[in-house]
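Undergrad: Shown below is the structure under consideration.
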Amino acid sequence: MRELELTAEKMVAEGRALARPDGFVIFIEGALPGERVRARITQRKKSFAFAQALEVLEPSPDRQAAPCPVFGECGGCAFQHMAYPAQLRAKHGILLEALYGLPGVPGIVAEPLGMVEPFHFRNKMGFAFGMTEGRIVLGLHRRGNWRSVVTAGACLLQSPESREILARVRTFVQEHDLPVYDEKRRAGLLRHLVVREGKLTGERMVHLHAAERHLAFEQLPAVVGDLATTVLASFHTRVPEAAPPGSTVVLSGPGLIHERLNGFLFEIGPATFFQTNTLQGERLFGLVRDWAASGRPERAVDLYAGTGPIAIHLGAVSQQVLGIESHAPSVDAARRNVELNSLANVRMVCAKAERVGETLREERADLVVVDPPRPGLNPKALAALLAAAPPHVIYVSCNPATLARDLAGMVEAGYGIEQVQPLDMFPHTFHIEAVVRLERKIKGG
Ligand SMILES: C[S@@+](CC[C@H](N)C(=O)[O-])C[C@H]1O[C@@H](n2cnc3c(N)ncnc32)[C@H](O)[C@@H]1O
């Protein structure tokens, strides 16, 4: 494919930089804003193209040597070659652009809340077993090729303890000559290893996934015992890592761990979803709680509630809280979390957001918090929300594009956007989280 010199203007979605030679749009991988690069076109469409930077001809002052030795090879991080303050500026710019045209933007969009120490923050890491030059590697999937594994010993997103667990498990499986599972041939044993940590409780879970049971696994608790409060193993050949019910055995400890967020305790089982960045999670949920408190809600609803962190935080500032979530195991986990924190004013129901019109109207909530997945609010869920017309809405978003679409619908229905606070939940990746506070300007409902 064709090579050419390009000047990158700014970062856009998915961690690419934008160039516009003669007005034609090119999305470049591997370039930073302001840089002149030699790039190869990798895919050409009618009105735009994708390119890969091959050489940086004029580097940006924000370019840095990636601290991680496998950056670029590993599919985990996109931005380690960019100084952290520049990453935050880039994310701010992408969010501003997505929200452009909405009333009050850019004035109401605050600077992103970044991390003071943007490494070692992940409370969950999944590692794959693979073979390289006849030796077992335990690491992360290679960028663009999930069947290949790059070693993760030096990965800086994990804790030093997780790193030590990785090293010990690798040595253990090598010493026992255990074979790696081969997806294509459907043969072998070892699949992946998940390490989960309560950053603020010190509890740690080691969870091995293998194609079938093996006697050697009984020794795993002794191998990682001083570092893990519980060790589990699941036996299945499912892709990707979710273990089917009944496939998991507890090898030591209680089979779950706990994490603390702003003083609330949460139970984390092997299949429980939990925010992977504890410290930023505290800031995110603390912000929702504080914004909620300023409206003095009597009845609050947490829509897309997951395992309940928002509902539980709202429980501290609202008289009654209803959490709504469609995934039944998450609802069960949320109920246990509510119990764990002795919150008699928080209820959880299992329901789809697009079917909650009546519940929302009956609830007569004065605050609804929504935290939908990346596709944003389902149109029926948005219609139900607008029909219920709560005076206050807080929207927690992990996708600026769907956030912009949903906010436009809410503005049209009479809501004003009061505040937008971006947070960096995933340093070194292109993900952007934003919390938006809305107030209903036109009375109705
Ligand atoms: C971004 S997560 C938020 C979870 C929670 N607020 C947290 O921070 O842990 C989105 C949640 O929406 C749930 N969900 C997805 N589609 C849904 C739907 N149609 N109705 C209700 N909940 C849904 C998912 O199961 C997931 O728990």
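Undergrad: Please go through the stretch 130-180 and pick out each residue that is on the phi > 0 side of the Ramachandran plot and of a type in the set (Gly, Ala, Ser).
TA: Scanning the stretch 130-180 gives Gly134, Gly144.
Undergrad: Any idea which residue in the stretch 294-316 is most open to solvent (accessible area, probe 1.4 Å), counting only those that are assigned to a loop (DSSP other than H, G, I, E, B) and near the ligand (Cβ under 10 Å from one of its atoms)?
TA: Tyr304
Undergrad: Six or more apart or on different chains, Cβ atoms under 8 Å: show the pairs whose first residue is in the stretch 382-396 and without any contact (Cβ under 8 Å) to a residue 40 or more places away in the chain and whose second is open to solvent by less than 30 Å² (accessible area, probe 1.4 Å) and away from the ligand (no atom under 15 Å from the Cβ).
TA: Final answer for the pair search is Leu382/Gly409; Leu382/Met410; Leu386/Gly409; Leu386/Met410.
Undergrad: May I ask you to verify whether His214 is open to solvent by 10 Å² or more (accessible area, probe 1.4 Å) and under 21 Å from the mean Cα position of the chain (by Cα)?
TA: no
Undergrad: I'm trying to understand the selection: among the residues of the stretch 403-429, which are open to solvent by 10 Å² or more (accessible area, probe 1.4 Å) and under 16 Å from the mean Cα position of the chain (by Cα)?
TA: Passing the criteria: Phe426, Thr429.
Undergrad: Another question about this same structure. Give Ser330, Ser326 a once-over and let me know the one that is out of contact with any strand residue (DSSP E or B) (no Cβ under 8 Å at 6 or more places or on another chain), small (Gly, Ala, Ser) and within 11 Å of the ligand (Cβ to nearest atom).
TA: Residue meeting the stated conditions: Ser330.
Undergrad: Moving on to the next point. I'd like the full set of residues that are more than 12 Å from the ligand (Cβ to nearest atom) and either of a type in the set (Asp, Glu) or over 23 Å from the mean Cα position of the chain (by Cα) (or both), limited to the stretch 256-281.
TA: Within the stretch 256-281, Glu267 is the sole residue that qualifies.
Undergrad: Six or more apart or on different chains, Cβ under 8 Å: which pairs go from a residue in the stretch 128-151 that's closer than 25 Å to Glu29 by Cα and outside any strand (DSSP E or B) to one that's open to solvent by less than 70 Å² (accessible area, probe 1.4 Å) and of a type in the set (Gly, Ala, Ser)? Could you list them?
TA: Note: pairs meeting the criteria are Arg143/Gly72; Arg143/Gly75; Gly144/Gly75.
One line per residue, one yes/no per condition, for (1) among the small types (Gly, Ala, Ser); (2) under 16 Å from Gly295 (Cα atoms):
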residue: Ala389; (1), (2): yes, yes
residue: Val396; (1), (2): no, no
residue: Asn399; (1), (2): no, no
residue: Leu403; (1), (2): no, no
residue: Val411; (1), (2): no, no
residue: Tyr415; (1), (2): no, yes
residue: Gln419; (1), (2): no, yes
residue: Asp424; (1), (2): no, no
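Undergrad: Same structure again: Does any residue of the stretch 227-238 turn out to be in contact with a strand residue (DSSP E or B) (Cβ under 9 Å, 6 or more places away or on another chain) and within 10 Å of the ligand (Cβ to nearest atom)?
TA: No, the stretch 227-238 contains no residue that is in contact with a strand residue (DSSP E or B) (Cβ under 9 Å, 6 or more places away or on another chain) and within 10 Å of the ligand (Cβ to nearest atom).
Undergrad: Collect the residues in the stretch 11-47 that are open to solvent by less than 60 Å² (accessible area, probe 1.4 Å) and assigned to a strand (DSSP E or B), keeping them in residue-number order.
TA: Met11, Ala17, Leu18, Ala19, Val25, Ile26, Phe27, Ile28, Val37, Ala39, Ile41
Undergrad: Which residue, of Phe119, Phe79, is among the aromatic types (Phe, Trp, Tyr) and either surrounded by fewer than 19 Cβ atoms within 10 Å (Cβ to Cβ) or part of a helix (DSSP H, G or I) (or both)?
TA: One residue alone meets the criteria, Phe119.
Undergrad: Between Val356, Val338, which is within 13 Å of the ligand (Cβ to nearest atom) and open to solvent by less than 30 Å² (accessible area, probe 1.4 Å)?
TA: Numbers: Val338 fails: within 13 Å of the ligand (Cβ to nearest atom).
It is Val356.
Undergrad: Right, here's the next one. May I ask you to list pairs of residues, at least six apart or on different chains, whose Cβ atoms are under 6 Å apart, with the first in the stretch 1-13 being within 10 Å of Ala31 (Cβ to Cβ) and the second being open to solvent by 60 Å² or more (accessible area, probe 1.4 Å) and assigned to a strand (DSSP E or B)?
TA: Close Cβ pairs satisfying both conditions: Thr7/Arg36.
Undergrad: Restricting to the stretch 141-169, name every residue that is aliphatic (A, V, I, L, M), modelled with pLDDT under 90 and buried (at least 17 other Cβ atoms within 10 Å of the Cβ).
TA: Selection gives Val149, Val150, Ala152.
The values are calculated or read from the model by the stated rules, or taken from the named source; none is laboratory data. Source: prediction; values computed, not measured. Virtual Cβ from ideal backbone geometry, glycine too; neighbours counted across all protein chains shown. Ligands, DNA and RNA are stripped out before the accessible areas are found, and what is left, the full protein with its side chains, is counted by its heavy atoms. Shrake-Rupley method; radii C 1.70, N 1.55, O 1.52, S 1.80 Å.
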